[in-house]
């Protein structure tokens with residue numbers, strides 16, 4: 001029971017989860033306002049403003065820095081991991097999303113291919129650099145304030 005209480009009281013665990021939930025809820029609401037239709041897939045879907053991936057890893061790194069020191073090895077590890085996640089979100093996953101857009105257009109073009117597809121490829125996989133930056137900023141501020 002003591003371990004469970006320690007986990008529950010560890011702000012470096014609950015803050016990133018809470019921040020992820022708040023940001024994804026914000027995306028659901030903005031999508032509802034924009035498209036006048038509730039899209040439950042937005043709660044777990046990737047892409048959009050701000051990047052919840054960036055916010056989560058930056059809030060974690062900031063929280064770890066405050067808790068264990070900005071000169072600690074665990075803070076260094078969390079910062080490096082945050083950069084890897086943000087690079088992936090803005091680089092690799094964004095490129096995969098762009099490829100999905102092109103492949104979906106090819107598959108929709110009559111006579112261009114004989115491949116039958118049951119569903120479209122997911123196009124909103126990554127983030128723009130601005131979405132990553134804003135997410136990182138939100139995460140850093142949340143990590144420092146909590």
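The values are calculated or read from the model by the stated rules, or taken from the named source; none is laboratory data. Here the structure is a predicted model, which is why all the values come from computation and not from measurement. We place every Cβ from the backbone using ideal geometry, glycine too, and count neighbours over all the protein chains shown.
Being closer than 18 Å to residue 13 by Cα, out of contact with any helix residue (DSSP H, G or I) (no Cβ under 8 Å at 6 or more places or on another chain), modelled with pLDDT of 90 or more and surrounded by 14 or more Cβ atoms within 10 Å (Cβ to Cβ) is true for just one of 142, 76, 82. Which residue is that?
After ruling out the rest, the residue left standing is 76.
Remark: pairs (first residue in segment 35-52, under 14 Å from residue 136 (Cα atoms); second residue in a loop (DSSP other than H, G, I, E, B) and modelled with pLDDT of 80 or more; Cβ separation under 6 Å; 6+ apart in sequence or on different chains) are absent. Of the residues 96, 61, the single one that is more than 11 Å from the chain's Cα centre (by Cα), within 20 Å of residue 142 (Cβ to Cβ) and part of a helix (DSSP H, G or I) is 61. Return a yes/no flag: does segment 106-123 have any residue that is at pLDDT below 70, under 24 Å from residue 49 (Cβ atoms), surrounded by 15 or more Cβ atoms within 10 Å (Cβ to Cβ) and touching a helix residue (DSSP H, G or I) at 6+ places or on another chain (Cβ under 8 Å). Checked segment 106-123: at least one residue is at pLDDT below 70, under 24 Å from residue 49 (Cβ atoms), surrounded by 15 or more Cβ atoms within 10 Å (Cβ to Cβ) and touching a helix residue (DSSP H, G or I) at 6+ places or on another chain (Cβ under 8 Å).
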